[in-house]
Every structure is written in structure tokens, then in C-alpha cells.
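The values are calculated or read from the model by the stated rules, or taken from the named source; none is laboratory data. None of the values given here were measured: they were computed from a predicted structure. Cβ sites come from the backbone with ideal geometry, for glycine too, and all protein chains shown count toward neighbours.
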Amino acid sequence: MLTKRLHRLQGFLLLVSRRASNVAKQQYDVIVVGGGHAGTEAAAAAARVGAETLLVTQKIHTIGALSCNPSLGGVGKGQLVKELDALDGLCGRAGDWAGIHFSILNRRKGPAVWGPRAQLDRQRYREFIQSELLGTHRLTVLEGSVEELLVTEPNPEKPGCHRVTGIRLGGSRSISASSVVLTTGTFLSGSLFVGQTTSPGGRIGDAPSSAGLSHTLREALGLRTGRLRTGTPPRIVKDSVDFSQAELHPPDERPSPFSFLNTHTRCKPEEQLPCHLTLTTPGVERVVRESLHLNCHIQQDTKGPRYCPSIESRVLRFPGRKHQVWLEPEGVTSDLLYPQGLSMTMPPDAQLRLIREIPALHRAEIHTPGYGVQYDFVCPTQLDPSLQVKNTQGLFLAGQINGTTGYEEAAAQGLWAGVSAARSALAMPPVTLSRTESYIGVLIDDLISRGVTEPYRMFTSRAEFRTALRPDNADLRLTLKGFEELGCVSSQRYYETVRVRDSLRDALEALQSIVLSAANWRKKMPDILMSENKFTSLSGQDVLQYNTVSFEMLASAFPDTLSPYMEFSQRLKIEAVYRPHCDLQRKEIERIQKEENMALPQDIDYFSLPVSLSQEVREILDRVRPSTLGAATRLQGITPAAIVHLLNYVRHTGQKETRTHSKYDKNREELHTENASLVKL
Amino acid sequence: MLLSVRVGMLRGAVHKLRTRLLSTKGGVTDGLADAETIFALSSGHGRCGVAVVRVSGPASAAALRGMAGITRGLPPPRTALLHSIRDPQSKEVLDRGLVLWFPAPNSFTGEDSVEFHIHGGPAVITSVLQALGSVPGMRPAEAGEFTRRAFQAGKLGLTEVEGLGDLIHAETEAQRRQALRQMSGELGRLYQDWSHRLKRCLAHVEAFIDFSEDELIEDGVLNQVDRSVCDLQAEIKRHLMDERRGERLRSGVQVVIAGATNAGKSSLLNTLCQRPAAIVSPIAGTTRDVVETALDIGGFPVLLSDTAGVRDSTDLVEREGVRRARERMQQADLTLVVVDCAQLPCDAQRAADFLQEHLRSVLATEEQPDTVFSADKCLLVLNKTDLLPEDGRLTLERELRRVPGLPPICLVSCHTSEGLQGFLTELHGRVKTLCGNPLTGDPTLTQARHRAHLQQCTAALAQYHRYRDGDLALAAEGLRLALTSLGRITGRVGAEEILDIIFKDFCIGK
């Protein structure tokens, strides 16, 4: 897999120029605006589903750029990367290609919360994403600036007040499409802040996006927007850092790839680069306070993230403490370091004074100063579960425009918006992704039903079914569905996952077939330290739950039965421990899934609905327009009585299921039959 | 906060409803839906000859066999049979009564159902409910759950369905009031405190999981959580044991006699229960602890408590008595404030002012010194009318009744029994209103439910310890489950609330 990639990358520059000039068509199924993490995943996913797709971006060479930290994954975010990979997304494989320091965070805290993470080489990451996009069938990339969204009357058979028909580029050129995905990141009315200077833009070095787009969203479509802020730290010249004053943090000895398709990463274990940890001092706090009057960004009361705050807000909120600063490599050949935790917006001379108060940075030089960004986001409660704007048919939003922060969060929405946009354009039935089956589902449900008040970041604690939504089983949860229902997964990946699923099932059956009395277990495997007070019979699966037992130990005790499954030893151990807990949760999961299958029509007139609902409840329902009964129950102020009435209404109008039977379901049934015969083989 | 507590409770109730409705959509109950079997006292509480206990759900047949001691087969459907009712574990005979078997789908709820028609005494009812609770797979029903199951099984017509929304509204409103009643007392403070501490524990574990790799969150955080969880476990266990002894929620209308020392409170108690239940003496401060008596007033169960006279005292024992008296008043459905009418000023207006002031000082609590007494929660009893001249008594009564803002007034003499009949009529009326209020929940069931949730809570806390060192995700899951169980009593806790604590307590800045 990885060697093939190298060959492809060699012809890469050639491809860029060819693709970019090759735009002749006037019509696409899907147009994606923006080439960041959301846009690239959206475009690739739409093309995989089968849509003729156009990706429009200001500069082709910044496609796949890591604008902020040079890393991918982490706790909660790593789960998203695994899920994206399970749905054949790009970022997992790109991480394996570009990673230069791999580690599993939370290694000692349980497999459900392991956080696969990698430091990335910026250059390699961009190369991979660009090469992947340019090699994607049905996908065209175009350099240009989008001036306006083209909007017209809605299709009367579907809910909504408007319908998107395409985009207008600079130079008055128009391209039409059935679906448009906007992934404009921080560029929507973005302004940059350093010290007391403010300039329009979404990222240093890039032109600001057109005011026309903001205008269409706010004025023509009447979307509610809010304003958020974020920031990035100064980049430090590597040679000027005194590493003797910092703590060395080596990577994992054996890098674990993000992708289920990869058995190893491009970077060899011994080639990995370390990170370093250093701490702030009281001097840092002093510089922050001294320069406060020169710091526009921090004085504004726009909402910033609580969990990715600038160094200014960290020392102001928690004074008198030491704060961690991670010094992260920017790439194999890069001369720069990224100081994680030092995002700042004070004037550049103050930035230099500040970093020099930190022991390891006492003589450090700044390559590029840090800066802040303030930008508009569209309140995501105006979106439906496919990330389509409720009042505008065919318009999808993904990424920071929806009020999230982070590459992985953006990529997750991008993939989902791409799949939905393509299915909508191709008139395929809509699909759903539940919060009970994925972190992506949690992310989307949180956004559309609760909205955001600060930049939204994924945490494992947001997923109520965390024990079932593990990084290790993302393929079983999503790849099968991704192929059979969503249409965004290749058959190669699908058949590999089917093999894995069947092997795991056989292995668990084999484990259950081994049943011994406690006494015999003690005799056969004295190492497992089974209590002398135990007298019952135990299966291999029961015993595998013991802390002291590994699958390897069992396999050497029962080689005939278990040795065929050695490649899955870690997954089997995790399955054995978690399965009982997941079984307990299944009932709750099924309840939520059923609620989510009860659709509430989007064009329902809550004020004239002939059921007894209070005016207050009608107003809430009208404002939020929940798409399912499940979403309605999670709204503040909705009474159980109202739910009963709604249920009754939905039942009697026959609008029960989101999905309707169609030829796609038939295809799916055929696949299942195929799948079944595969299992027999 | 109040609102979110309510919404949390409502959600719990409604979730069940929806699960069932959806699962029976096609007319087939899928096995994974609500497999729980529920039971409840279906006849009202208060004095009754026969009480009906209803059971519904898949374990109904097992409950019937166990309780009626049937070893083979089942009785013919819908036929009343006389049986001994036994505790399925101890085989002890609890009562002799009728049992009826309603196999699905021909029952009120559409599920397998059983009815036990037993004798109406509280002891019998409690023992039967307890015995049912010990059958595996059984739990006390939530308010209105039988009706809901009937709805889900399509047993109710369209008009009845329309009415159900209102019913659920009334029920959840009742649950809320009931919860508030319990929550405002000491028990409520206790549960809230546990819930708060548990929330903190969970937030700290979650912070450790989500942030410790990048942030300065020391391992000490977890040690603190370990200690807190141990403390909580011990406290909840102790509480569960205590509850059996006497701290339980009392059945019946709670009437408390309160007032200043030597107003004749104990005499009133003795008069009402027609026996010297409490020691009566002319010495102020004779009653120092709460004296309780169960009474039957016009057929309604009443728990009457005599309390220590409210006054400032240096005596430690007496001060504790006063504290208990105040606590009891807070939990009371009805407070009888007894006043020695010889202490009243002669002028009616000044007497009224005196009474207002007196009520305030007796009913005030430390937390709410300016408490406004609600007229429907208390009754003024002016005692020792034998010490007043006849015409003075009549004038006083007439004048005071005209004063707005005072609770209803009864003039009695415990010594001569004068005015006692009028007082009893008034008391009977009040108790009847309280009992007849459909929103007054059944305390036995509430208590059983609390116990069940608290037991689940301690079991889940044990899971925390079991996985603490091996798998923090599963340990946190234990805390989550514990909080959910406790949340069934105090209100639900959402992920956002946990995140709020995390960001308040830790500097997170990846």
C-alpha cells in the first residue's frame, strides 16, 4: 500500500497542473467549497459515493495544509480518526503516511479511551492528501474564489424555503450543482489579530474570502450566525531551543497505524522524532499582564474555546500556576518547532519576551508570530442530521463554519456532509449515523440538537456509550454499514472487514467452547492466579477477562483451538473484557435508535397541528424543528405529554420511518446474501 | 435547577413509554424491549377492607406461582381462587386472599398479569409488596406505568390516548411535587449532597481520562476520588441500614403538634389518642424528643407527632429536641400550632399580631428565617379555653376569625374537652383533603424505589473500585451508572454538566 503511494507521489506535481486546468464542465453533482480537512474529506467521500464532484479552493497547493498544530488524533479525536478511516476517509491513511512520532495516549486507562495520536510532517501530510484527491475518480479540483451561492425557489415536494443551484466564481463564471458543501473554516467574515492590528482574513498568508458568501448566508437565506475566536502559537526556530532544559518525551517504540488497512506506518520506528515538555514561569504571567492593554483579541468577549485557550486566558484564569508547553517537531526536514500551549495574540515583541521567560526557550527565536482569528459560524441547530441547511435544499455545511474546532471534528463532518450531499444529488435515500454507533454521530447530534456556545471539541466523555464505541472496533461498527448502506467504502476494505468480523466471531466461539472447572484452570494455567475459592466452570472467554490473562497465554495452552487467531489477540482480549458491559448498554442503545427512526416531518406546521400542545411547546418545536422524535425529547422545555401527542400524531399520519424501501434496499439485500455465502466459505 | 430536575424525571418516565410503543408497533412485542415486570398497590391508600396488588410483565406467572405456592401449572385464566399468599423465599404465610391470573394478551396491560386481592391492613400490604420485590426481575411500578403499558399494547381507545397526555402531565407533576417534598427535607439534602459529590468524582475521573496526557493533572486527583467513593459507599450503605429502623418515610398523613413550651401540646396528643402516650406535667420543657403515635382519624391514617416546645434553651438535650421539632415541622403535611390562650393579649387586634409573630417564631427555620407559613399547612389550636371567661372566649373567636392571613383557628380545652368536637371535625376535613388528593404519592412505593436506586448505586460504585487500576474507562462507567441511579431520585445529570466541572476545576489547555 505504502510503496504504491510513493510512485503516485512522484507524478504529483504534473497532476496538479493537469487537473487544475482541466475544468471544462459547467455542471456537477456536488461542489465542495474549501480545501481544508472538512472540504477534502467531503469531496473524496462524495466522489466515492458516485457523484461527479468539484472541489473549489483558493490555492491548490494549500489543500491538506495543517493550519495549526502538526498533529492528528488524541483522546476522543483519535476515535474520530479511526471512524473516518473505517468509512474510507483520508485522514487516517494520511496520518500513517505523514506521522513522525506515534503514541497511544491513555495506554494505561483502558482500551475504550485509548487515544491514538501522531505528530505529523506538514509537507508529507499535504502531499498525501493532494495526491489522493487528484487520483480520485470523478473528482475535479479547481483553483478559484467563490463569490456567491446561487439560490432559487425550492422543490415543492421537499421541505425548505430555498434551493441551491450552484456557485458563482470570480469573473462571473457560474457552475451549477445539485448539492453544495461549504467548508469555509475560519474564513467567513474572518479577521486576524496580532497585538493591536486587525486585518481581514481566515489564515495568515491567504486572501480573505468574499463578502458575497457571508451575505448570501445571512441575508438571502436568513441564517443565524455567531462569532467565535481561536488562535495559533508563534513558530519557533528549532536551533534556538535549549533542549537540555526540557523533558524528553519519546514516541511509542512500535508505532500503531491509524488505518485498519495499514500494518505499519511509513516512518520506521527508529526514525521517529521526540517531543519535549517544558513549563511556564511567573515571568510569563507578568508579560501577559504587562501587554494586556496592547492585546485586542483577548479584550474582546467573543467566545473562545475553554479547552484550547490562549496562554493569555490560561494565566488569567488560573494565575500562579505552571502551565505545560509541548515542543513538537513540524516535520522531518523542518527547522521549526510548534510550541503547543502557547497560542497568543500579543504584539510580536511581547511574544518574544514571553517565550524567553520559559526555561527551554530562554534564547529562542520566533519564525512566525502567533495570531488570533475571529470568525462567523452558522448556528448548527439550523442543520438537519445530514448537515444540510434545513431551509435550503442542497446546501450542506461542515467544519469550523458549524462552530467546531479541530482537524478531526472538521474531517468527520466533511465526510458525512460529502456522503449526504452526494446521496441527495443522486436521489439516493437519506441515511443516518446514530450517536449510539459512532463518535461522528455524537458530534453531529450534539451540534444540531444542542448548538454551540463555544468552539466544540470532541471528548470521550461526550459519548454516553463510550465502552461500545472504541477505537479498536470502529471497522466493525462502520465499515460494513459504510459499504452496505452509505456507499462510501471500497469493496477491498469491505471484504477485509468481513474477514476480520468472521474471524473474531469464530475466535470468540472457540474461546467459549473451552470450558474447564476452576480447579482444572488452576492446574493448566497456574500463572493466572485464580482464587482458590472459585469452584464453578469457566469458559476461555470468562478467563480472558482476568487482568492476569492474555490471549497469547490461552493460545499456548490450547494451541489447536486458538492459534489460528493470533493476529487478533489484542482485539479478542478487549472484546472479552468489554462485551458484558456493552451487553448491559444494548437496551438503552436500542431505545435511542428506535426514537431516531421516528421522523418528524420538516414542513410540519406546529402552530396549526390539531393536537393539544401548549403554545410554549409549539414555539420550541417550531423554532428548533427537531428531525426525529429522539431529537425532540432532548430539547429543553418539551414535556412528556407533548411527546405522547407527537407520537400519536406521527403514528396516525403514517410517517414512522426515516427510510423508505427502494432499489437501494434491494441492492443491500443482495449484498447481504452475498455476504452470507461468503461467511459459509 | 428545579426545572432540569423535573425534566430529568419526566424523561425517565417517557422513555419507557416510547420504548414500549415503538416495540409493539407491529403488534409483536420484541423480547428485548421492557422485559421488566412491575407491581404496585392498585387500590388507594387509606383504610380499606380489601387491597388490590397488581403485577404485569413476563415474570407475572413466576410471581403468582411463588406467592400462591403453586408448584404445577397455572390457575385457569380470569378466575378468582382463594389461596394462601406466601413469601416466595421464606414460605411464611403473609395473608389469605384471592388470586387472579390474566395471561397475555387478555389483560389490562396486554401483558401477562396477576392480581392479588388481600386484606387492607398496612402490615399485610407492605409485606406482600416486599415479598414481590424479592422475586427476580420485579420492580415497583413508576407512577402510571400500568396505564402506559396498556396504551402501548393498544388497549386504550383514541379518546383515552388523548387523555393520556393529560394523565401523564398530572402524574409527572405529582412526582415532581412528591420529589420536592422529599427533596426539601433532610433526606433530600442528603441525596443532593451525594449526587453533587458523585458528580465531582466523575468529572475528575473524566478530566483525568480526557486531559491528563496533555495537561497537569496529577495522579493525586484519582486518589482523592478513591477516598470520596469509599466515603459515599459507606454512607449510602449505612443509610440503607438505618432506613429499616426508623428513618423511613412514614406512611399516612403527617401531623405535627408544635408550639411554645407548656402550651399543652402533649395534652392535645393524649386527648387525641385517648391514652397517656406522652408525659404531661406543668413543668415547661417536659417533652424533649419527638413522640409519635399512629392514629385513625375518620378512616384515614395519620401519624401524629408531639414535639418539644420551641424556646431558646441552654440545655443541650432540649436544644436537640427543638431542632428535631423544627425538622419534623418541615416534613409535616399539617402542623397544629398550639397556643396557651391565657397568654394572649385581651385586645383582639393585638392578639392577632401576637399570633402572627408567634407562628413566625415557631415555624421559622434557620435556613429560612422569614418563612411565610402557608395557611393550608397549619391549624391554630388555642388551648386552655377553660381559663377564659365564657364571653371572652366567644369574642376572641369571633374577632380572630375576621383577621386576614391567619390560619383556621380552633378553641379547645384539653382539660374539659370543650371545643374538641369542632376541632376533630376540622382536623378530619383537613386529613380527608390531604388523603383524597390524587397527587399525594404512595410513600411505601416511593421508598421501595429509592431503596432500589440506592442499591444499584452502591453496586455501581463497587464497579469503580474493581476497575480502578485496570481500566479507568470501565471504572468511570461505574461512576456514571451510580450517578444515573442516584439521578433517578434527584434528577438527571448531563455530559455538559460534567464538562463544566472539569473546566472549573482544572486548567485545560491543549
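The residue that is nearest to A:LEU192 (Cα to Cα), counting only those in the stretch A:307-334 that are away from every other protein chain (no Cβ under 14 Å) and either in contact with a His (Cβ under 8 Å, 6 or more places away or on another chain) or crowded, with 24+ Cβ neighbours inside 10 Å (or both), is A:GLU330. Of the residues making up the stretch A:285-330, those that are at pLDDT 90 or above and in contact with a strand residue (DSSP E or B) (Cβ under 7 Å, 6 or more places away or on another chain) are A:VAL325, A:TRP326, A:LEU327, A:GLU328, A:PRO329, A:GLU330. Considering only the stretch A:448-457, I want to know if a residue exists there that is more than 30 Å from B:SER212 (Cβ to Cβ) and either hydrophobic (A, V, I, L, M, F, W, C) or in contact (Cβ under 8 Å) with a residue 12 or more places away in the chain (or both). Within the stretch A:448-457, one or more residues are more than 30 Å from B:SER212 (Cβ to Cβ) and either hydrophobic (A, V, I, L, M, F, W, C) or in contact (Cβ under 8 Å) with a residue 12 or more places away in the chain (or both). Checking each residue in the stretch A:170-191 for being surrounded by 18 or more Cβ atoms within 10 Å (Cβ to Cβ) and in a strand (DSSP E or B) picks out A:ILE175, A:ALA177, A:SER178, A:SER179, A:VAL180, A:VAL181, A:LEU182, A:SER191. Only one of the numbered conditions (1) at pLDDT below 80; (2) aliphatic (A, V, I, L, M); (3) surrounded by fewer than 19 Cβ atoms within 10 Å (Cβ to Cβ) is violated by B:VAL431, and that is (3). Just one of the numbered conditions (1) out of contact with any Pro (no Cβ under 8 Å at 6 or more places or on another chain); (2) within 14 Å of chain B (Cβ to nearest Cβ) is not true of A:ASP445: (1).
A:ALA599 passes all but one of (1) under 30 Å from the mean Cα position of the chain (by Cα); (2) within 14 Å of another protein chain (Cβ to nearest Cβ); (3) modelled with pLDDT under 70; which number fails? Single failed check for A:ALA599: (3). When we screen B:ARG189, B:ARG197, B:ARG181, B:ARG149 for residues that are assigned to a helix (DSSP H, G or I) and modelled with pLDDT under 70, the only hit is B:ARG181. Quick one: which residue in A:ARG571, A:ARG579, A:ARG623, A:ARG634 is touching a helix residue (DSSP H, G or I) at 6+ places or on another chain (Cβ under 9 Å), modelled with pLDDT under 75 and either outside the structural domain of A:PRO526 (by the TED database) or farther than 26 Å from A:PRO430 by Cβ (or both)? Going through A:ARG571, A:ARG579, A:ARG623, A:ARG634 in turn, just one is touching a helix residue (DSSP H, G or I) at 6+ places or on another chain (Cβ under 9 Å), modelled with pLDDT under 75 and either outside the structural domain of A:PRO526 (by the TED database) or farther than 26 Å from A:PRO430 by Cβ (or both): A:ARG634. Does any residue of the stretch A:471-487 turn out to be within 14 Å of chain B (Cβ to nearest Cβ) and touching a Gly at 6+ places or on another chain (Cβ under 9 Å)? Checking the stretch A:471-487: at least one residue is within 14 Å of chain B (Cβ to nearest Cβ) and touching a Gly at 6+ places or on another chain (Cβ under 9 Å).
No other residue among A:ARG505, A:ARG493 is surrounded by 19 or more Cβ atoms within 10 Å (Cβ to Cβ), away from every other protein chain (no Cβ under 14 Å) and among the basic types (Lys, Arg) apart from A:ARG493. Once the stretch B:318-364 is narrowed to residues that are acidic (Asp, Glu) and surrounded by fewer than 19 Cβ atoms within 10 Å (Cβ to Cβ), the residue that is modelled with the highest pLDDT is B:ASP340.
Condition check: within 31 Å of the chain's Cα centre (by Cα), at pLDDT 70 or above and within 12 Å of chain A (Cβ to nearest Cβ). Does B:GLN455 satisfy that? Considered against the rule, which asks whether it is within 31 Å of the chain's Cα centre (by Cα), at pLDDT 70 or above and within 12 Å of chain A (Cβ to nearest Cβ), B:GLN455 comes out as no. Meeting the requirement of 2 or more residues that are closer than 24 Å to A:ARG224 by Cβ, in contact with a Leu (Cβ under 9 Å, 6 or more places away or on another chain) and not acidic (Asp, Glu), the helices (runs of 4 or more DSSP H) wholly within the stretch A:342-454 are A:407-425, A:439-450. Annotation: A:MET458 fulfils all but one of (1) more than 10 Å from chain B (Cβ to nearest Cβ); (2) not in a helix (DSSP H, G or I); the unmet one is (1). Here A:GLY202 fits the description: part of a loop (DSSP other than H, G, I, E, B) and either touching a Phe, Trp or Tyr at 6+ places or on another chain (Cβ under 9 Å) or at pLDDT below 90 (or both). The set of residues in the stretch A:203-225 being farther than 22 Å from A:VAL164 by Cβ and either in contact with a helix residue (DSSP H, G or I) (Cβ under 6 Å, 6 or more places away or on another chain) or of a type in the set (Gly, Ala, Ser) (or both) consists of A:GLY205, A:ALA207. Taking the stated definitions as given, is A:THR561 over 30 Å from A:GLN393 (Cα atoms), among the β-branched types (Val, Ile, Thr) and away from chain B (no Cβ under 14 Å)? Yes.
Rundown of residues vs (1) assigned to a loop (DSSP other than H, G, I, E, B); (2) charged (D, E, K, R); (3) touching a Pro at 6+ places or on another chain (Cβ under 7 Å); (4) crowded, with 21+ Cβ neighbours inside 10 Å, yes/no style:
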site	(1), (2), (3), (4)
A:THR548	yes, no, no, no
A:PHE568	no, no, no, no
A:LYS573	no, yes, no, no
A:VAL617	no, no, no, yes
A:ALA632	no, no, yes, yes
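Residues in the stretch A:276-288 include none that are closer than 23 Å to A:TYR407 by Cα and in contact with a Ser or Thr (Cβ under 7 Å, 6 or more places away or on another chain).
Given (1) touching a helix residue (DSSP H, G or I) at 6+ places or on another chain (Cβ under 7 Å); (2) of a type outside the set (Lys, Arg); (3) free of Cβ contacts under 8 Å to residues at least 24 places away in the same chain, identify the lone condition not met by A:ASP349. It fails just one condition, (1). Restricting the stretch B:464-483 to residues that are within 9 Å of chain A (Cβ to nearest Cβ) and in contact (Cβ under 8 Å) with a residue 12 or more places away in the chain, which is surrounded by the most Cβ atoms within 10 Å (Cβ to Cβ)? The residue in question is B:ALA476.
A:SER531 meets each of the listed conditions (1) in contact with a Phe, Trp or Tyr (Cβ under 9 Å, 6 or more places away or on another chain); (2) in a loop (DSSP other than H, G, I, E, B); (3) farther than 15 Å from A:LEU554 by Cβ; (4) of a type outside the set (Lys, Arg) apart from (1).
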